[in-house]
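Novice: Encoded as structure tokens, here's the structure I'll be asking about.
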Amino acid sequence: MIKTIIGKLLSLILYPFRLIVNLLLGLLKRLKFSIAFKISTTYLILYVIIIMTVALTTSVGYLFFELQKFEETIAARDSENIINSFPDFNKINIEEERYSSFEIFDKNLNTYYSSERPGRYADSIIVVIEKIILYNDYVHSESFYKNGSTYYLNISYPMEDMLKDVWRISLMVLISGAIGLMFFAPIVSSTSYRLIRPIKNMTEITRTITVNNINTRLDVKGTEDELKELSETFNAMLDRIEGGYKMQQQFVSDASHELRTPIAVIKGYVDMLDRWGKNDKAVLEESIAAIKNETDNMQDLIEKLLFIARSDRNTLNFTKEDFRISTVLKEIEKETRMIDSVHKLYFKFYDDATIYGDKARIKQAVRILLDNAMKYTPPGGYIMVSGYIQDEYYVIKVEDTGIGIQKDDLEKIFDRLYRAEESRSKKISGHGLGLSIAKIIVLGHKGKIKVKSTPKKGSEFSLMFPYLDS
Ligand code: ADP
């Protein structure tokens, strides 16, 4: 019972402290996470510093000018009176004067006369300030010549009234500053919140963007400032991502489409086998040959797709070494002559060179060009393969006198799964992946791939690889 009462009492006493701590923590948190709050606080601190500086300079300035006026009028008159009555000061009735005391020092600065307590001669500004602070007294100092000797005079004036004025002035400036702050604070706060509103909008919109609404863009209306630039840059990035995403989607859909045809063919033959093939040897053989053909086709397609996927994921490894390009070219010549007897083949290797690269992949790239030349050149046509050095590259050129490529298609043939209408309509086999793969290989060797073509006349593909020495 007592414990709970004490506990309640304690929490009641501690409540205001807890409130203050929570308030401070809240402020700290806002200071950490809110730019608007940071801007407002910085401006307000600056404002307070300015007001305090103004209060200080006005009051010090006031004091300075008042004292100067005082020196020129009252102190000048008083010192004249004192010096005139030297050395008989009994005529002076201090009670009637504005000063509280005066002192006269001889030429060695020893006290000659003191109306009150004797002290140091105050001639430097430091001693004057010291006396103002310690005794609220302003000391006027002056030297004069009398009876053949030099004397020094100090007159002390109480300056409570003047100091009171100084405090009043500072207080007035501070109060008007505080009143100004009441107007200034909300303006600063609302302006800084308005300034960062675009950032808030950006955060909110960005938070909602997913692959399903990837076409959403940030609002770039409004003034030409850094935030607009940021929004535009962000939108440009979204454009690129959207482009890449759409291409990826297109690729997946095209690849599925490419796989659908062989699967449909295989299914057709399996159905046929199921119905008649068991007893009909001719149907059996035809079906097996077709299924074999289509599975080979599918395997080829899947391998190519995997190659491209690996390249996209950066997991494609090139096993590079130094090798003479002539060895690869000779192998290719031998193999091509063996498999192609329908075209007129020419191989001419003018130069040889050492290349640092993946021999098998480079051979694969040349094979892709040669396979295309053989596919797209009617029987009896010419196919020429040449190898030579041009500037810093070793060029492998494959020319043919085939069907050629339309101008519009030239820039698209390196796109994945793209096939020119001509090759589709002529039912020439292929998946539109060969040139994409050749391009990946060439770029993986810091090389170039080029094409020139005239429809119905022929094409010329060049692979260019940097070489080490010839
Ligand atoms: P594929 O030959 O399997 O269709 P590629 O990526 O190798 O795929 O080629 C893409 C397209 O470029 C081909 O479909 C064809 O239209 C065109 N092409 C490539 N090489 C030649 C060539 N030597 N002659 C004519 N057209 C070509």
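Novice: For the stretch 445-468, name all the residues that are under 21 Å from T319 (Cβ atoms) and either exposed (fewer than 14 other Cβ atoms within 10 Å of the Cβ) or at pLDDT below 95 (or both).
Specialist: Listed by number, the residues that qualify are K446, L468.
Novice: Scan the stretch 190-220 for residues that are closer than 21 Å to R240 by Cα and either in the same structural domain as G243 (by TED's automatic domain parsing) or not acidic (D, E) (or both) and report the count.
Specialist: Counting residues in the stretch 190-220 that are closer than 21 Å to R240 by Cα and either in the same structural domain as G243 (by TED's automatic domain parsing) or not acidic (D, E) (or both) gives 17.
Novice: For the condition touching a residue at least 60 places away in the same chain (Cβ under 8 Å), assigned by TED's automatic domain parsing to the domain that holds L435 and within 29 Å of Y418 (Cα to Cα), what is the one hit in L345, L369?
Specialist: Exactly one residue qualifies, and that residue is L369.
Novice: Moving to a separate point now. Which of (1) in contact with a His (Cβ under 7 Å, 6 or more places away or on another chain); (2) near the ligand (Cβ under 8 Å from one of its atoms); (3) more than 13 Å from E460 (Cα to Cα) does T377 not meet, given it meets every other one?
Specialist: So the condition that T377 fails would be (3).
Novice: Across the stretch 382-403, which residue is surrounded by the most Cβ atoms within 10 Å (Cβ to Cβ) among those that are more than 9 Å from the ligand (Cβ to nearest atom) and part of a loop (DSSP other than H, G, I, E, B)?
Specialist: Filtering the stretch 382-403 for residues that are more than 9 Å from the ligand (Cβ to nearest atom) and part of a loop (DSSP other than H, G, I, E, B), the one surrounded by the most Cβ atoms within 10 Å (Cβ to Cβ) comes out as T401.
Novice: Out of V188, V211, V173, V220, which single residue is surrounded by fewer than 14 Cβ atoms within 10 Å (Cβ to Cβ) and among the β-branched types (V, I, T)?
Specialist: V211 is the lone residue from the list that is surrounded by fewer than 14 Cβ atoms within 10 Å (Cβ to Cβ) and among the β-branched types (V, I, T).
Novice: In addition: When the stretch 431-470 is examined, which residues are found to be part of a strand (DSSP E or B), closer than 30 Å to P262 by Cα and hydrophobic (A, V, I, L, M, F, W, C)?
Specialist: The one that is part of a strand (DSSP E or B), closer than 30 Å to P262 by Cα and hydrophobic (A, V, I, L, M, F, W, C): F461.
Novice: With respect to E224, determine if the residue is of a type in the set (D, E, K, R) and modelled with pLDDT under 85.
Specialist: yes
Novice: Could you say whether any residue in the stretch 271-287 is within 28 Å of Y418 (Cα to Cα), in contact with a helix residue (DSSP H, G or I) (Cβ under 8 Å, 6 or more places away or on another chain) and among the hydrophobic types (A, V, I, L, M, F, W, C)?
Specialist: No; the residues of the stretch 271-287 include none that is within 28 Å of Y418 (Cα to Cα), in contact with a helix residue (DSSP H, G or I) (Cβ under 8 Å, 6 or more places away or on another chain) and among the hydrophobic types (A, V, I, L, M, F, W, C).
Novice: Here is a list of conditions, (1) in a loop (DSSP other than H, G, I, E, B); (2) more than 7 Å from the ligand (Cβ to nearest atom), and Y418 meets all of them except one; can you say which number that is?
Specialist: Exception for Y418: condition (2).
Novice: Please state which of the following conditions K446 fails to meet, knowing it meets all the rest: (1) within 12 Å of the ligand (Cβ to nearest atom); (2) free of Cβ contacts under 8 Å to residues at least 24 places away in the same chain.
Specialist: Tallying (1) within 12 Å of the ligand (Cβ to nearest atom); (2) free of Cβ contacts under 8 Å to residues at least 24 places away in the same chain, K446 fails exactly one: (1).
The values are calculated or read from the model by the stated rules, or taken from the named source; none is laboratory data. Remember, predicted model here, so these are calculated numbers, not experimental data. Here the Cβ is made from the backbone with ideal geometry for all residues, glycine too, and neighbour counts use every protein chain on show.
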